[in-house]
Amino acid sequence: MTPQQLSSYLSRLVTQDVRLSLMLWGPPGVGKSSIVAQTAREQGLEFIDVRLSQLAPTDLRGLPVAENGVSSWYPPEFLPTQGRGILFLDELNMAPPTMQGVAQQLILDRKVGSYSVPQGWFIWAAGNRKEDRASVFDMPTPLANRFIHLSVESDLESFKGYALERGISERILAFLSFRPTLLHKLETREHAWPSPRSWEMASSLLSAGLDLEAAVGAGAASEYRAFVELYARLPDLTPILEGQGDSLEFPREPSVRYATTIGLAVRANTANEGYHAFRWMVDRAGAEWVQLFVGDVLNQMRAKGQMGLLADLAVKDSRLQGYLQKLRELVKG
């Protein structure tokens, strides 16, 4: 499933109080941990991220302490004792079999040693797949059979929605719309390669005036730099956002078309600006470009709390009637 679909699924588990143990599978850098953490924030839950591959069995079971001739297990301080939240066991299948055995008791019985997981806590886990060349161990079948299993793959639309909220570079979004296969491309022979996580790091490097090759690798960085050279042809978008773009035409060069479409969506800070850009795109661009723009500008408006205002403006414009149903669906969503 896509990251957006996974986010909705996890939220449903929480709102319906389905406290089944959950295992998330996916390639490195796709955002598994981030999606779980975001779900916890949105649902008002505590979040404890435990990296099992970095622990020894006694770190999870606790230390034995003699009391009146009997050993008691003192649990670690990072395990929850009250409240509601998500106990997230990350890198589960990177942990050696002995560690997975201890985790198995926690997952199956919601207890380990003398410790019991509080009633209001969900136990979710995540791991990488063997085909991702990650250093993973086989999961014992009794443990696997106690999980519900979900797989997540990278998805450009999900990433753009996330990126607009996080302020990731507009040029990166335009480039990935132009070259979507570079959103996630595992290069096992390289130290750096493109993934949703590394593109977010690349945006931070660009903000600091640094080259992004260290984050996404030489190949992706080279293509990005070539794209940016064409990006310099981008027309001034301010008149369009202000409703004064009647004299401007939609560019002919494909890469500049992507840059213009994404640029208008990202730079629309208000419903009025989004509406002016929307109308300009409908008047001058083909249907496929308008569809690309609509998805991005609605993500932007949602992030800024302007979605309803944009819909109200669009309803009054006969030229936008063909897109109103999609607007209504996304406003409700």
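Residues are listed down the side, and each one gets a yes or a no for (1) assigned by TED's automatic domain parsing to the domain that holds Arg110; (2) under 14 Å from Phe122 (Cα atoms); (3) in contact with a Lys or Arg (Cβ under 7 Å, 6 or more places away or on another chain):
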site	(1), (2), (3)
Leu10	yes, yes, no
Leu20	yes, yes, no
Gly26	yes, no, yes
Lys32	yes, no, no
Glu42	yes, no, no
Asp59	yes, no, no
Leu63	yes, no, no
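Let's see how each residue does on (1) modelled with pLDDT of 95 or more; (2) touching a Ser or Thr at 6+ places or on another chain (Cβ under 8 Å):
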{"site": "Phe175", "(1), (2)": "no, no"}
{"site": "Phe178", "(1), (2)": "no, yes"}
{"site": "Glu187", "(1), (2)": "no, no"}
{"site": "Ser195", "(1), (2)": "no, yes"}
{"site": "Ala202", "(1), (2)": "yes, yes"}
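With the requirement that a residue be surrounded by fewer than 16 Cβ atoms within 10 Å (Cβ to Cβ), part of a loop (DSSP other than H, G, I, E, B) and either at pLDDT 90 or above or not basic (Lys, Arg) (or both), what does the stretch 235-273 give you?
Scanning the stretch 235-273 gives Asp236, Glu242, Gly243, Gln244, Asp246, Ser247, Leu248, Glu249, Glu253, Asn269, Thr270.
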Given the residues Leu60, Leu106, Leu92, which is the only one that is under 23 Å from the mean Cα position of the chain (by Cα), crowded, with 21+ Cβ neighbours inside 10 Å and in contact (Cβ under 8 Å) with a residue 40 or more places away in the chain? Leu92
Does Asp296 meet the test of being assigned by TED's automatic domain parsing to the domain that holds Ser169, assigned to a helix (DSSP H, G or I) and crowded, with 17+ Cβ neighbours inside 10 Å? yes
So for the stretch 275-286 (the condition being touching a residue at least 60 places away in the same chain (Cβ under 8 Å), in a helix (DSSP H, G or I) and buried (at least 22 other Cβ atoms within 10 Å of the Cβ)), does at least one residue qualify? no
Need at least 3 residues that are closer than 28 Å to Leu10 by Cα per element, so show me which strands (runs of 3 or more DSSP E) inside the stretch 49-98 make the cut, counting only ones lying wholly within it. 85-90
Quick check, is Gln119 surrounded by fewer than 20 Cβ atoms within 10 Å (Cβ to Cβ), without any contact (Cβ under 8 Å) to a residue 12 or more places away in the chain, part of a helix (DSSP H, G or I) and of a type in the set (S, T, N, Q)? no
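The values are calculated or read from the model by the stated rules, or taken from the named source; none is laboratory data. Only a predicted model underlies this, so the values are computations on that prediction, with no experimental measurement involved. Note that each Cβ is placed from the backbone with ideal geometry, even for glycine, and that neighbours are counted across all protein chains shown.
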